[in-house]
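Take a look at the structure set out below.
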């Protein structure tokens, strides 16, 4: 490498270094709280296992909910109570997709739970059932929402 | 400050060992922490129930973990095997540290 080439190279690399920080996108964190993705919540509950669709899980929710602030949801599992450990109700596109988790015991006598949840917009509601042998089964149902209920 | 709560047993008359449904409602705003006050423009601070525990004869039988995505004045309903005469206690806890307790008696007849 002779002197002329060396000077050229340094000039080019210097110019690139001076410009590059301005080209980088603005990576500053926003002040607003972040929405939790559905896949992350599902992974947190199941620990990486894939839940199977099952006809044993009966999810009763209205097909069209006029008001998203109050959507009645009912979950029934056609299995003996000893086999059911927990019932989770998830709403896929909510700010926090995990709506409610219920941990049952044999004293309950029947795997059943009913509550009222909020839905931000039209989305699928998922009933995820944790069995005592570590497996997961689920049922999904789309619910249409005319007025959102999550602020 | 404790909130007003209500527990009901369905059906009203039941025999020993029968499955009964327990319905309960608590008056609670369940603020998500995302809504804004329309007049002042400030965010209403989050205040929701995140832990409900059910005790039957002093034994914890059910734990329920709601989040912000549950409606205001949360209604919960589950089944109970009424095989002994004992008190049923439900304890609601919210993220601000409020605790509400309500006790009813389970009295099977016959």
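Derivation of every value follows stated rules applied to the coordinates shown; laboratory data play no part. Quick caveat: nothing in here was measured; it's all calculated off a predicted structure. When we count neighbours, we look across all protein chains shown, and the Cβ atoms used for this are built from the backbone with ideal geometry, even at glycine.
Within segment B:51-74, whose backbone N sits under 16 Å from a point 7 Å along Cα→Cβ of residue B:44?
Counting backbone N atoms under 16 Å from the label point, the list is B:68-74.
Taking the Cβ of each residue in A:36, A:12 as the centre, tally the other Cβ atoms inside 10 Å and list the residues starting with the fewest.
With the fewest neighbours first, A:36, A:12 line up as A:12, A:36.
Return A:4, A:116 ranked ascending by Cβ neighbour count within 10 Å, so the fewest neighbours appear first.
With the sparsest Cβ surroundings first, the list reads A:4, A:116.
How many angstrom lie between the Cα centre of segment A:58-76 and the Cα centre of segment B:51-81?
If we compute the Cα centre of each part, the gap is 19 Å.
Listing A:88, B:28 from the residue with the fewest other Cβ atoms within 10 Å to the one with the most, what is the order?
By the 10 Å Cβ count, ascending, the order reads B:28, A:88.
Under 18 Å from a label point 7 Å along Cα→Cβ of residue B:60: give me every residue in segment A:102-126 with its amide N that close.
A:102-108
Could you work out the relative contact order of segment B:18-110, using alpha carbon pairs under 8 angstrom and six or more residues apart, expressed as a whole percent?
32 percent
Most fluctuating residue of B:34, B:80, B:19 in a GNM of chain B with Cα springs under 10 Å: which is it?
B:34
Please build a GNM for chain B, connecting alpha carbons under 10 Å apart, and tell me which residue among B:51, B:94, B:83 fluctuates the most.
Checking each option, the largest mean-square fluctuation is seen for B:83.
Within a 10 angstrom radius of each residue's Cβ in A:111-119, how many Cβ atoms of other chains show up on average? Whole number is fine.
Mean inter-chain Cβ contacts per residue within 10 Å come to 6.
Normalized C-alpha radius of gyration of the protein assembly as shown, against 2.2 N^0.38 Å?
1.38
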